[in-house]
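Notes follow once the structure below has been shown.
The values are calculated or read from the model by the stated rules, or taken from the named source; none is laboratory data. What you are looking at is a predicted structure, and each value in this text was computed from that prediction instead of being measured. Methodologically, a virtual Cβ is constructed for each residue, glycine included, from the backbone with ideal geometry; neighbour enumeration extends over all protein chains shown. Accessible surface areas use protein heavy atoms only, side chains included; no ligands, DNA or RNA. Shrake-Rupley method; radii C 1.70, N 1.55, O 1.52, S 1.80 Å.
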Amino acid sequence: MSEIIKQNDEKIMTKITKDLTHHLTTRPLGFKLWIGFLLTFIAVAIWAYGIQFEKGLGVTGMRDYVSWGLYIASFVFFVAVALVGMLISATVGLLKQKWIVPVSRVAEMIALAFVLMAGVIIVVDMGRPDRLLNVFIYGRFQSPIIWDITVVQVYILISFLLLFLPMLPDLAIIRNHMKGDLPKWQWKMYNILSLGWVGTPQQYKILHSTVRVLLILIVPVALGIHTVTSWLSAMTLRAGWDSTIFGPYYVTGAFVAGAGAVAVALYFIRRFYHLEEYITDYHFDKLGQLMVLVALVYLYFNLNEFWVPGFKMKTADAKHLHTLFSLHGEYGVMFYLTQMFGLILPIIFGLFRRFRKPFPMMIIGIALVVGAWFKRVIIIIPTLIHAYLPIQNVPESFHEYDPTGIEITITLGVIAVAVLIVSLLAKFFPVLPIWEIAEEKGVDIERDL
Amino acid sequence: MKKSILNIIGLISISLMIAASAQAQWKIDDGLKDAKLKVDYNEDNITAGKAIYDSRCKACHRDIVTTEKNDRALPSAPNLGNKEFQSTNTDGEMFCKISYGNGGGMPPFEKQISDVDKWKVIAFLRSYYPAYKASTASTQAAAPVNSFKGTLNAIKLSYDSENNKVVAQLSGQDGDGNIVNPKGVKVSIYVKRYFGELPLCDGEKTDANGMVSIPLGNLPTDTLGFIIVKASAANNAVSTESKLKVSDGYHWKNPLDGRHLWAVRAKTPLWLLITYLTVTISVLAIIAWAFFQLFRIYNLRER
């Protein structure tokens with residue numbers, strides 16, 4: 001009897017392993033073109049950054065009024081998307097939701113790539129990056145900037161561990177079974193990274209307990225990273241930022257952006273790696289439900305954020321709201337498009353089961369991510385244009401913000417790096433957790449590794 | 001924006017004043033209508049009247065200048081040195097106007113200023129009207145404008161730390177060229193401050209030693225204990241400005257001292273520092289523990 005089960009187990013295991021690691025062995029033209037496309041972007045961005053490094057931030061559109069432009073808006077965007085690691089793995093995972101098994105690693109890959117770029121774009125925003133160390137040497141513990149730097153670094157470490165630790169058994173499987181199928185360097189990489197995993201009960205015990213501790217730890221850290229990011233704005237006395245709900249407003253907005261990013265990544269991974277059997281309509285349906293839930297919460301915070309000051313209409317708030325809510329305001333059109341495509345329409349479509357299928361979810365995901373980026377621009381920049389007190393003796397042009405080509409190029413370049421990291425991680429590592437899926441199908445993994 | 005708000009406020013207050021003055025009614029007591037000054041019209045009373053004018057009237061009526069007609073428009077109160085006002089008002093009428101006001105821009109001072117002081121203010125006002133004729137009785141006691149006959153050489157300021165007084169010492173020569181300490185010369189002493197000057201005395205007369213001593217009270221000084229004092233005598237015939245050290249220095253509480261959110265890093269509030277370090281070190285410790293678990297897994301490899 002047990003012999004039959006064992007044979008059956010082996011059969012399932014072989015199929016799962018083959019399906020989930022197939023992409024490690026191939027190098028299709030499409031992938032090469034995609035990487036080449038991203039690298040071209042990045043190369044142009046590096047050239048643009050060279051100009052900015054040499055000439056200073058004067059080559060950007062940032063001036064005395066708007067001193068936080070696309071870079072900081074993108075920083076908030078990166079942190080927001082990175083929060084999905086915590087949303088999927090920790091919040092939903094700790095609730096023992098089974099559907100996240102094939103989703104969580106993609107979420108962690110996105111989280112790691114985006115939080116790394118959040119750190120990078122802060123340096124890009126510095127006119128004198130050679131003075132970066134001064135932040136650590138002279139930084140004040142009273143400053144939210146120091147808290148932010150601390151929490152971003154901690155989040156990078158935890159995201160790395162949460163991506164790497166659960167991958168150990170998979171790396172060992174690849175090391176054990178695929179030596180002949182892989183280029184030598186690639187196999188060696190897996191051999192080293194698997195840390196000599198053999199799958200003893202003791203190793204599994206350590207793995208489970210460590211991951212569990214990290215999953216609990218990442219909840220306050222992730223709330224911390226985005227709350228502190230919101231405090232960078234909210235602790236400054238500015239119309240539009242002077243809000244007590246900025247922490248939860250940012251966090252829920254981050255969940256929306258992250259859910260969208262995961263939907264997009266899952267769709268393309270499923271399609272190009274032919275994983276339809278593992279990432280099913282069921283997963284997209286669940287992801288869609290989660291997306292609607294977080295988007296509704298975000299909508300609720302949006303209501304608070306605009307309706308409460310809009311009811312009181314304090315002079316500075318009124319000016320700020322006019323730029324957003326009037327079609328004649330500087331950001332009116334962008335605001336309505338963003339709220340419509342980045343929030344309202346996804347909620348409406350997400351309510352219907354027929355739109356929670358892979359392709360519609362991918363479209364909704366793109367709308368959410370692009371909307372999330374524009375929403376960060378809307379949060380950061382219009383507020384800076386309307387200071388409580390005017391800055392004296394500045395040229396008229398300082399009252400507006402027009403990002404320059406160099407600035408846009410660098411921003412797109414950093415986004416391309418994030419996408420590149422996700423693409424490479426998804427290409428060179430098992431993108432779905434082999435051992436967890438096998439375990440779910442009833443295979444005794446401790447024996448069958 | 002700010003400017004236009006000021007303009008609006010200005011317009012409103014002007015129109016209020018005009019509206020008020022339109023209803024303005026001067027009340028003159030019959031018994032006082034032709035009354036004459038009831039204090040002596042002399043230097044002392046004029047000086048005393050000036051002090052009252054400075055504290056009670058000047059805010060609206062400003063400095064008095066002798067003119068033909070009132071040269072000031074609302075919101076300024078009239079220049080009381082104008083000859084039209086001086087010639088058409090008797091002392092008694094002025095007294096009633098000070099007492100009862102006009103129910104509009106001019107408030108009543110019946111209770112705030114004593115009757116004697118009101119007459120002194122009127123005496124001061126009349127000193128700008130050369131055509132004024134005081135009753136013979138009241139002019140008899142008029143003191144000479146300057147009791148000292150001779151030339152003033154210098155005025156010197158010093159600080160008497162024992163009595164906490166500022167001392168002005170005058171020196172001069174009498175008509176015969178002898179060096180003397182001028183007596184009875186009017187001295188004004190002011191302390192310089194950011195906005196305007198603080199009068200310590202105005203028209204105080206020198207004593208037999210040619211000195212004026214004014215108690216300083218509890219004036220704030222600069223951080224090193226200095227104040228800047230200006231003094232002049234006999235209508236600016238001589239004047240001086242001195243920096244006097246009058247205390248050990250003014251010790252103000254620097255808001256940067258102590259542990260505050262706005263202070264430098266070395267002065268981080270302790271609660272914040274402890275919270276930050278505790279949280280950061282705890283989280284880093286857990287992460288370090290997780291990395292150590294990687295090492296443990298590695299140690300359990302197949303050898």
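With respect to the conditions (1) within 14 Å of another protein chain (Cβ to nearest Cβ); (2) touching a Pro at 6+ places or on another chain (Cβ under 6 Å); (3) β-branched (Val, Ile, Thr), residue A:227 falls short on a single one, namely (2).
Residue under question is residue A:56, and the condition is that it be of a type outside the set (Val, Ile, Thr) and over 30 Å from residue A:290 (Cα atoms); does it hold?
On the way: of a type outside the set (Val, Ile, Thr): yes; over 30 Å from residue A:290 (Cα atoms): yes.
It is true that residue A:56 is of a type outside the set (Val, Ile, Thr) and over 30 Å from residue A:290 (Cα atoms).
Within the stretch A:319-353, being of a type in the set (Ser, Thr, Tyr) and open to solvent by 90 Å² or more (accessible area, probe 1.4 Å) holds for one residue alone: A:336. Tell me which residues, restricted to the stretch A:387-407, are assigned to a loop (DSSP other than H, G, I, E, B), touching a helix residue (DSSP H, G or I) at 6+ places or on another chain (Cβ under 6 Å) and within 16 Å of residue A:69 (Cβ to Cβ). Hits for the stretch A:387-407 are A:401, A:403. Here residue A:237 clears all of (1) open to solvent by 20 Å² or more (accessible area, probe 1.4 Å); (2) in contact with a Gly (Cβ under 7 Å, 6 or more places away or on another chain) except the condition numbered (2).
Are any residues in the stretch B:29-46 assigned to a helix (DSSP H, G or I) and open to solvent by 40 Å² or more (accessible area, probe 1.4 Å), and if so, which ones? Correct list: B:30, B:31, B:44.
Checking the stated criteria, residue A:150 turns out not to satisfy the condition of being among the hydroxyl-bearing types (Ser, Thr, Tyr) and more than 14 Å from chain B (Cβ to nearest Cβ).
Please specify each residue of the stretch B:51-98 satisfying the condition of being under 24 Å from the mean Cα position of the chain (by Cα), among the hydrophobic types (A, V, I, L, M, F, W, C) and surrounded by fewer than 17 Cβ atoms within 10 Å (Cβ to Cβ).
Taking the stretch B:51-98 first, the residues under 24 Å from the mean Cα position of the chain (by Cα) are B:51-66, B:72, B:74-81, B:98.
Cutting the leftovers down to among the hydrophobic types (A, V, I, L, M, F, W, C) gives us B:51-52, B:57, B:59-60, B:64-65, B:74, B:77, B:80, B:98.
Hits for the stretch B:51-98 are B:59, B:60, B:65, B:74.
Just one of the listed residues (A:46, A:35) is modelled with pLDDT of 90 or more, farther than 28 Å from residue A:179 by Cα and open to solvent by 20 Å² or more (accessible area, probe 1.4 Å), namely A:46.
When residue B:244 is tested against the conditions (1) free of Cβ contacts under 8 Å to residues at least 40 places away in the same chain; (2) surrounded by 12 or more Cβ atoms within 10 Å (Cβ to Cβ); (3) more than 7 Å from chain A (Cβ to nearest Cβ), the lone failure is (1). Every listed requirement among (1) modelled with pLDDT under 90; (2) over 30 Å from residue B:157 (Cα atoms) is met by residue B:202 save one, (2). Residue check: residue A:103 meets all listed conditions (1) away from chain B (no Cβ under 14 Å); (2) modelled with pLDDT of 90 or more; (3) surrounded by 18 or more Cβ atoms within 10 Å (Cβ to Cβ) but one, namely (2). For residue A:132, the conditions (1) under 25 Å from the mean Cα position of the chain (by Cα); (2) within 12 Å of chain B (Cβ to nearest Cβ) are fulfilled apart from (2). The residue that is nearest to the other protein chains (Cβ to nearest Cβ), counting only those in the stretch A:168-197 that are open to solvent by less than 10 Å² (accessible area, probe 1.4 Å), under 23 Å from residue A:85 (Cα atoms) and not hydroxyl-bearing (Ser, Thr, Tyr), is A:168.
For the stretch B:256-276, the set of residues classified as part of a helix (DSSP H, G or I) and more than 8 Å from every other protein chain (Cβ to nearest Cβ) consists of B:266, B:267, B:270, B:271, B:274, B:275, listed by residue number.
Looking at residue B:232, is it touching a residue at least 40 places away in the same chain (Cβ under 8 Å), within 30 Å of residue B:55 (Cα to Cα) and among the small types (Gly, Ala, Ser)?
On the way: touching a residue at least 40 places away in the same chain (Cβ under 8 Å): yes; within 30 Å of residue B:55 (Cα to Cα): yes; among the small types (Gly, Ala, Ser): yes.
For residue B:232, the condition - touching a residue at least 40 places away in the same chain (Cβ under 8 Å), within 30 Å of residue B:55 (Cα to Cα) and among the small types (Gly, Ala, Ser) - is met.
Number of residues in the stretch B:285-303 that are more than 7 Å from every other protein chain (Cβ to nearest Cβ) and either in a helix (DSSP H, G or I) or under 50 Å from the mean Cα position of the chain (by Cα) (or both) equals 7.
Scan the helices (runs of 4 or more DSSP H) fully inside the stretch A:283-382 and keep the ones with 2 or more residues being in contact (Cβ under 8 Å) with a residue 40 or more places away in the chain, over 17 Å from residue A:252 (Cβ atoms) and out of contact with any helix residue (DSSP H, G or I) (no Cβ under 8 Å at 6 or more places or on another chain). First the steps, then the outcome.
Working: elements: A:315-325, A:332-339, A:345-350.
The qualifying helices (runs of 4 or more DSSP H) are A:315-325.
One residue alone among B:184, B:203, B:217 is touching a residue at least 24 places away in the same chain (Cβ under 8 Å), more than 14 Å from every other protein chain (Cβ to nearest Cβ), within 23 Å of residue B:162 (Cβ to Cβ) and of a type outside the set (Asp, Glu), and that residue is B:217.
Is it true that residue A:244 is open to solvent by 30 Å² or more (accessible area, probe 1.4 Å) and modelled with pLDDT under 90? Write out each step before concluding.
Values: open to solvent by 30 Å² or more (accessible area, probe 1.4 Å): yes; modelled with pLDDT under 90: no.
It is false that residue A:244 is open to solvent by 30 Å² or more (accessible area, probe 1.4 Å) and modelled with pLDDT under 90.
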